[in-house]
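Worksheet: the structure to be examined is printed underneath.
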Amino acid sequence: MSRFISTGSCVLDLPMNLPHFPVRGGDVIAHSAGALVGGGFNVVSAVARQGIETCLASPLGTGANSAQVRYELESEGIEHVGETLVGDTGLCLTLREPDGERTFITTLGVEAEPSHDEFEDLTVEPGDVVYVSGYDLAYPMSAPVVSRFAADLPNGVTLVVDTGPIVDEIDLDVLTAVLRRCDLLSLNRREAGLVQEITGVSERFAALRSLVSEQCAVLVRAGSEGCWVQPREGEIPARVPAFEIEVADTTGSGDAHTGVVAASLMEGLDLRAAIRRANAAAGIAATRVGPATCPTRREIDDFLALESGSKPISG
């Protein structure tokens, strides 16, 4: 059976619901629901909930934060195949505004310190899908390790890359080396705009195309617009519409989208059908509060059945 293998680092999210951002030097009263596992966990949990065998290859530590990550991985049936390092998992302060938009402040832990040996000992087979996050291409210690592993993946292995919101902090040589090997690139509108600034190319898809191969599929997630997709170079980008939902929290909705696209492609769906399922997953996730809120395969099936006027599978 093919596996989904993620190098994306997990962190502990500390969500804070804000009425508004404070002015510089000021303060604001926030509300928090406690620490939740997020970061790379959002993607692997999304894939696992679609019934796909899923592995996490990012390091975990020996502290309490890492113990919480391990517990959540086990509860989702996700195998940890990465290193165990002395230390602990980092934290991400997630600031959520009333409209559901989120802003992050991240501290680094052992998840940002993989070794070359870790990935050299990782067996990857044709048919497997490997996921790489732009966060790990930006961190000083993980960037050379993850980028070399991704760039040297054997033929027959699909590489999925999500640039993440700090794509402009990735060394251009590192980013280019990974994206030249990439089979599917997913990012949101803001991140696509940052790539336009990095490359100096004004047209969005032309800027993205300047970094990837001809065969790479490029997805630009555009919130309520849906998702724009260019399956390969030379094709006209097309929009796969979003579903109408009421947003509660956008944290992790992009991760849900990426995970469900990957899982759907692994099940044999064509790209547009995979994106439609992912749009549904991202929409459902955005109605829920928290980082790892991707729906299960059955929940997506039921949602799409209702959207099409059919009877939900689960009744």
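The values are calculated or read from the model by the stated rules, or taken from the named source; none is laboratory data. Quantities reported herein were computed from a predicted structural model and do not represent experimental measurements. Please note: Cβ atoms are built from the backbone with ideal geometry, for glycine as well, and neighbour counts cover all protein chains shown. Please note that ligands, DNA and RNA were not included when accessible areas were found on the heavy atoms of the full protein model with its side chains. Shrake-Rupley method; radii C 1.70, N 1.55, O 1.52, S 1.80 Å.
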Worksheet item: Just the Cα atoms of segment 1-151: what Rg and Dmax do they give in Å?
Response: 16.4, 54
Worksheet item: How long are the three semi-axes of the equivalent ellipsoid for the chain, computed from the Cα gyration tensor as the root of 5 times each eigenvalue, in whole Å, largest first?
Response: 25, 25, 22
Worksheet item: For R272 and N17, FRET efficiency with R0 = 35 Å and r from the beta-carbon atoms, rounded to 0.05?
Response: 0.50
Practice prompt. Return the single residue from G26, G283, G87 with maximal mean-square fluctuation; model: Gaussian network over the chain, springs between Cα atoms under 10 Å.
Written response: G26
Fill in: Amide H contacts of T163 (H built 1.01 Å from N, under 5 Å, at least 5 apart or other chain)
G134, S186
Worksheet, complete the sentence: Rounded to whole Å², per residue accessible area for the chain with a 1.4 Å probe reads 43 Å²
Discussion item. Compute a Gaussian network model of the chain, connecting alpha carbons closer than 10 Å, and tell me which residue from S115, S202, S133 fluctuates the most.
Written reply: S202
Fill in: Gain upon complete extension [T296, R24; 0.36 nm per residue less C-alpha separation]
93.8 nm
Item to complete: Pull up the DSSP beta bridges for the chain and report the antiparallel fraction as a percent, rounded to 5.
Response: 40 percent
Worksheet item: Just from its helices, what would the mean residue ellipticity at 222 nm be for the chain, if runs of 4 or more DSSP H residues each count -39500 (n - 2.57) and the sum is divided by every residue, rounded to the nearest 500 deg cm²/dmol?
Response: -10000 deg cm²/dmol
Fill in: Spatial separation of Cα centroids for segment 116-165 and segment 1-40, in angstrom
24 Å
